[in-house]
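Data first, discussion second: the structure below is written as structure tokens.
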């Protein structure tokens with residue numbers, strides 16, 4: 001592992017902050033170009049209806065509790081990653097949330113016109129190193145990480161007015177999972193500081209088999225392309241700085 005002096009660490013962080021300032025300017029410009037478009041307000045209305053009555057508490061399950069596996073242990077992390085990676089023994093015992101969510105979401109995307117209207121892109125399972133890092137902001141518990149499994153709906157150009165709000169009720173009515181959390185980062189009152197201007201609509205679902213949590217993102221193709229164009233390296237360091245600052249604030253409260 002690379003070891004940096006405090007001065008080198010600060011220099012790297014400063015470079016990341018400068019880069020993310022430029023990223024935010026481009027994200028903000030894209031979002032500003034959507035000012036007044038009907039789907040932004042429509043999405044807010046549908047979001048309000050979908051968010052009503054969702055549970056206040058929602059963690060990953062611990063089917064290994066009887067074996068003495070603590071949700072703050074690396075043993076729990078190893079086992080939950082096996083579940084989300086679809087390893088045969090884990091899937092047989094506890095279900096395969098990645099395959100189950102993917103099948104349901106591909107069906108929903110197909111019902112809306114398929115890839116010509118909206119693409120469903122499965123994402124990689126969260127890496128152990130990132131889970132260890134994220135655990136620091138979750139009280140030391142791996143079961144409070146809700147995005148071991150991730151995927152994205154990318155709405156094609158010119159389709160946002162129909163697809164963005166239409167997806168939400170279809171996801172709510174899905175047969176293999178239930179919506180337990182929503183976050184509308186396209187809301188006009190949302191402050192995108194923590195994401196350096198990047199915006200999406202996020203849904204966390206709980207699978208009917210096993211009760212596993214899985215994160216889905218919805219965003220227009222233009223935002224998805226800009227995200228890929230700007231890259232992820234500087235954002236990783238920026239995100240770590242934001243999370244560290246939040247932990248320090250909570251510790252001093």
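Looking across region 74-95, the residues that are farther than 22 Å from residue 119 by Cβ, assigned to a loop (DSSP other than H, G, I, E, B) and touching a residue at least 12 places away in the same chain (Cβ under 8 Å) come down to 85, 95.
Here residue 194 fits the description: on the phi < 0 side of the Ramachandran plot, within 16 Å of the chain's Cα centre (by Cα) and either in a helix (DSSP H, G or I) or surrounded by fewer than 22 Cβ atoms within 10 Å (Cβ to Cβ) (or both).
Could you say whether any residue in region 32-42 is over 23 Å from residue 172 (Cα atoms), out of contact with any strand residue (DSSP E or B) (no Cβ under 6 Å at 6 or more places or on another chain) and part of a helix (DSSP H, G or I)?
For region 32-42, residues over 23 Å from residue 172 (Cα atoms), out of contact with any strand residue (DSSP E or B) (no Cβ under 6 Å at 6 or more places or on another chain) and part of a helix (DSSP H, G or I): present.
The set of residues in region 114-139 that are out of contact with any helix residue (DSSP H, G or I) (no Cβ under 8 Å at 6 or more places or on another chain) and outside any helix (DSSP H, G or I) comprises 121, 123, 124, 127, 139. Checked against the criterion of being touching a helix residue (DSSP H, G or I) at 6+ places or on another chain (Cβ under 8 Å) and modelled with pLDDT of 85 or more, region 9-27 has at least one qualifying residue. Restricting attention to region 47-72, the residues that are out of contact with any strand residue (DSSP E or B) (no Cβ under 8 Å at 6 or more places or on another chain) and in contact (Cβ under 8 Å) with a residue 40 or more places away in the chain total 5.
Give the number of residues within region 201-221 that are more than 16 Å from residue 122 (Cβ to Cβ) and not in a strand (DSSP E or B). The total comes to 5.
Within region 140-153, can one find any residue that is surrounded by fewer than 21 Cβ atoms within 10 Å (Cβ to Cβ), free of Cβ contacts under 8 Å to residues at least 24 places away in the same chain and not in a helix (DSSP H, G or I)? No, the conditions are met nowhere in region 140-153.
Of everything in region 32-88 that's at positive phi and surrounded by fewer than 12 Cβ atoms within 10 Å (Cβ to Cβ), which residue is modelled with the highest pLDDT? Filtering region 32-88 for residues that are at positive phi and surrounded by fewer than 12 Cβ atoms within 10 Å (Cβ to Cβ), the one modelled with the highest pLDDT comes out as 68. Residues in region 113-130 that are touching a strand residue (DSSP E or B) at 6+ places or on another chain (Cβ under 9 Å) and either over 30 Å from residue 160 (Cβ atoms) or exposed (fewer than 15 other Cβ atoms within 10 Å of the Cβ) (or both): 121, 123, 124.
Does residue 110 qualify as being surrounded by fewer than 17 Cβ atoms within 10 Å (Cβ to Cβ), free of Cβ contacts under 8 Å to residues at least 60 places away in the same chain, part of a loop (DSSP other than H, G, I, E, B) and more than 17 Å from the chain's Cα centre (by Cα)? Give the derivation first.
Working: surrounded by fewer than 17 Cβ atoms within 10 Å (Cβ to Cβ): yes; free of Cβ contacts under 8 Å to residues at least 60 places away in the same chain: yes; part of a loop (DSSP other than H, G, I, E, B): no; more than 17 Å from the chain's Cα centre (by Cα): yes.
Criteria not met by residue 110.
Determine whether region 162-184 contains at least one residue that is surrounded by fewer than 21 Cβ atoms within 10 Å (Cβ to Cβ), in contact with a strand residue (DSSP E or B) (Cβ under 7 Å, 6 or more places away or on another chain) and in a loop (DSSP other than H, G, I, E, B). Among the residues of region 162-184, at least one is surrounded by fewer than 21 Cβ atoms within 10 Å (Cβ to Cβ), in contact with a strand residue (DSSP E or B) (Cβ under 7 Å, 6 or more places away or on another chain) and in a loop (DSSP other than H, G, I, E, B), which makes the answer yes.
The values are calculated or read from the model by the stated rules, or taken from the named source; none is laboratory data. Just so it is clear, the model here is predicted, and its values are computed rather than measured. FYI the Cβ positions are ideal-geometry reconstructions off the backbone, even for glycines, and counts take in every protein chain you see.
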